[in-house]
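Heads up, the thing below is written out as structure tokens.
The values are calculated or read from the model by the stated rules, or taken from the named source; none is laboratory data. This one's a predicted model, so the numbers in the text were calculated from it and none came from an experiment. Every residue, glycine among them, receives a Cβ derived from its backbone with ideal geometry; neighbour counts consider all protein chains shown.
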Ligand SMILES: C[S@@+](CC[C@H](N)C(=O)[O-])C[C@H]1O[C@@H](n2cnc3c(N)ncnc32)[C@H](O)[C@@H]1O
């Protein structure tokens, strides 16, 4: 057998995992921001009180991955691509998306989870961090919804409920795009509710209310109910229950809009995402689009449509549903 021809996936995964943790460390300590202007390693180490022997291999690994450039002997700077990806002031900033690295050492628990023990779970401050990661999908998600369902947004009144609203990023964008909308965000994690309120106060969006609540606690009628990135946390039984509750709260002609990372295509990342979700949550999963569509139909919705979201991550899509 010609062993040269055998593709060794571990070679790639090891490279990507170490690339991701190096980028995560660099984001966490502010290395990319420090290199927004070129510096020598020795200057950086002295200025930030970093160990020079620990900084050097980190910088060299980031150069090898194309995140940094060596301009002169030992003088390092950000590549143009990295300025866009790693400076928090950039619209393309992906730093928070590396939040999944915080859960990565937890994979050591998987053998015990396989034996039936509880998933790892997240505490409130981990939720606060992780929701900043999922908020990076908001701009592309809202762009897709506004383009794909134009008639929905002209309804008056337009009452929008965001279930598990996280950082309130979707609510802020919708409030800006739809000056006539009234918006309510709910989330069961108190720390996340505080984060969302702080964000929306900063953005002075008085038409948005944030409540610490579960969907079952909400009364009223809504034209749009967003359920963004919740079912991969709760699993299908709770998802089915939430869809039933959403149906009761929906105004005639209203839509439920479910965003998930769907495990359909050839790209392995949604399946790896599903593995990570099952590590974290007892019913965590990545659904296929068929599974999600079926779940929504079983809740009694007649019209279900999948809207892929271009760009941010493989498999990201909205599924819209109405009677
Ligand atoms: C991955 S984050 C998504 C946040 C936000 N929707 C977004 O897309 O950026 C999951 C959110 O679900 C919330 N959550 C957890 N269990 C929930 C449940 N049973 N019902 C509603 N939200 C829940 C968490 O507090 C967290 O804010």
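Computed quantities for the displayed model
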read-out	value
Residue identified as in a strand (DSSP E or B) and either surrounded by 12 or more Cβ atoms within 10 Å (Cβ to Cβ) or at pLDDT 95 or above (or both) among 77, 90	77
Subset tally (residues that are touching a helix residue (DSSP H, G or I) at 6+ places or on another chain (Cβ under 8 Å) and crowded, with 17+ Cβ neighbours inside 10 Å) for segment 212-235	15
Helices (runs of 4 or more DSSP H) wholly inside segment 103-162 containing at least 3 residues that are within 16 Å of the ligand (Cβ to nearest atom)	124-134, 138-148
In segment 256-269, residue nearest to the ligand (Cβ to nearest atom) [restricted to those that are more than 14 Å from residue 291 (Cα to Cα) and buried (at least 23 other Cβ atoms within 10 Å of the Cβ)]	257
Conditions (1) closer than 21 Å to residue 141 by Cβ; (2) surrounded by fewer than 20 Cβ atoms within 10 Å (Cβ to Cβ); (3) at pLDDT 95 or above: number failed by residue 284	(2)
Segment 217-238, subset in a helix (DSSP H, G or I) and more than 9 Å from the ligand (Cβ to nearest atom), residue farthest from the chain's Cα centre (by Cα)	217
All positions within segment 293-307 that are in contact with a helix residue (DSSP H, G or I) (Cβ under 9 Å, 6 or more places away or on another chain) and either outside any strand (DSSP E or B) or free of Cβ contacts under 8 Å to residues at least 12 places away in the same chain (or both)	295, 296, 298, 299, 300, 301
Single unsatisfied condition, residue 108 versus (1) within 16 Å of the chain's Cα centre (by Cα); (2) without any contact (Cβ under 8 Å) to a residue 24 or more places away in the chain; (3) within 19 Å of residue 285 (Cα to Cα)	(1)
Options 272, 183, 173: the member that is in contact with a helix residue (DSSP H, G or I) (Cβ under 6 Å, 6 or more places away or on another chain) and part of a helix (DSSP H, G or I)	173
Any hit, segment 157-177, residues being touching a residue at least 60 places away in the same chain (Cβ under 8 Å), surrounded by fewer than 18 Cβ atoms within 10 Å (Cβ to Cβ) and in the same structural domain as residue 227 (by TED's automatic domain parsing)	yes
Which listed residue is under 26 Å from the mean Cα position of the chain (by Cα) and farther than 15 Å from residue 25 by Cα, from 73, 135, 64, 97	135
Which listed residue is in a loop (DSSP other than H, G, I, E, B) and modelled with pLDDT under 95, from 204, 198	204
Set 161, 152, 146: member being at pLDDT 95 or above and under 14 Å from residue 228 (Cβ atoms)	161
